[in-house]
Amino acid sequence: YDALELTSESSGERLLDLDSLASSETVIALEDAVLTGRSGAKTPVHFSVAPIKRGAFKAGSVITFRDVHHERELRRRLAWKASRDDLTGLSNRSEFRRSIGALIDEAHREDDHHCLLYIDLDEFKVVNDTCGHRAGDDLLRQVSANLVGLLRQSDTVARLGGDEFGV
């Protein structure tokens, strides 16, 4: 324990005791582990313990740590991209729909109130046709930044598609 500490990435709680793991008769694998070294450096790992048997007796254990930093980072990036609009970085339509569903459920449970705002930029096609798609993209990014700047951090802003936004 002086050299390393194994904790859960999601909860931060210390994971199973190494003594109890080493005495286990079955293979144990943990996906949600973070290894903290003596220096304080944290490394996401896949952790497993497998017993070594000699006949009917346990002769020891093999403990493995596999660095999964890149896999977890890739998973996080993919999840972020799946819920975001590429152009503006705002939530996309499916993430907005999920968010609205959660708010409706919350409103029913807690007798709470929320507001939905739908914004459609009129004549946006004219900007694309006269100034080009790059100018249209710049305008959408500027509108997005303005919306985010005007609202509370707890509010959800989404690009629903084309020139449509939801708040």
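The values are calculated or read from the model by the stated rules, or taken from the named source; none is laboratory data. Here the structure is a predicted model, which is why all the values come from computation and not from measurement. Here Cβ is always computed from backbone atoms with ideal geometry, including for glycine, and neighbour counts include all displayed protein chains. The area values use the complete protein model at the heavy-atom level, side chains included, leaving out ligands, DNA and RNA. Shrake-Rupley method; radii C 1.70, N 1.55, O 1.52, S 1.80 Å.
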Among SER20, SER61, SER39, SER83, the single one that is of a type in the set (Gly, Ala, Ser), in contact with a helix residue (DSSP H, G or I) (Cβ under 6 Å, 6 or more places away or on another chain) and modelled with pLDDT under 90 is SER61
So for the range 85-96 (the condition being open to solvent by less than 80 Å² (accessible area, probe 1.4 Å) and in a strand (DSSP E or B)), does at least one residue qualify? yes
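Going by the conditions given, is LEU151 surrounded by fewer than 14 Cβ atoms within 10 Å (Cβ to Cβ) and under 14 Å from VAL167 (Cα atoms)? Even if it seems obvious, please write down each step before you answer.
Values: surrounded by fewer than 14 Cβ atoms within 10 Å (Cβ to Cβ): yes; under 14 Å from VAL167 (Cα atoms): yes.
The answer is yes for LEU151.
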Looking at (1) open to solvent by less than 60 Å² (accessible area, probe 1.4 Å); (2) modelled with pLDDT under 85; (3) in contact with a strand residue (DSSP E or B) (Cβ under 8 Å, 6 or more places away or on another chain), which is the one condition that is false for ALA33? (2)
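Every residue, every condition in (1) within 30 Å of ASP137 (Cα to Cα); (2) open to solvent by 70 Å² or more (accessible area, probe 1.4 Å); (3) out of contact with any strand residue (DSSP E or B) (no Cβ under 8 Å at 6 or more places or on another chain), yes or no:
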{"residue": "ASP17", "(1), (2), (3)": "no, yes, yes"}
{"residue": "THR64", "(1), (2), (3)": "no, no, no"}
{"residue": "ARG75", "(1), (2), (3)": "yes, yes, yes"}
{"residue": "SER99", "(1), (2), (3)": "yes, no, no"}
Is there a residue in the range 108-126 that is under 21 Å from SER83 (Cα atoms), part of a helix (DSSP H, G or I) and open to solvent by less than 40 Å² (accessible area, probe 1.4 Å)? no
Can you find a residue that is under 18 Å from LEU160 (Cβ atoms), touching a residue at least 24 places away in the same chain (Cβ under 8 Å) and either hydroxyl-bearing (Ser, Thr, Tyr) or surrounded by fewer than 11 Cβ atoms within 10 Å (Cβ to Cβ) (or both) anywhere in the range 136-143? no
Could you tell me which of the residues GLU123, GLU106, GLU73, GLU164 is under 30 Å from ALA33 (Cβ atoms) and acidic (Asp, Glu)? GLU73
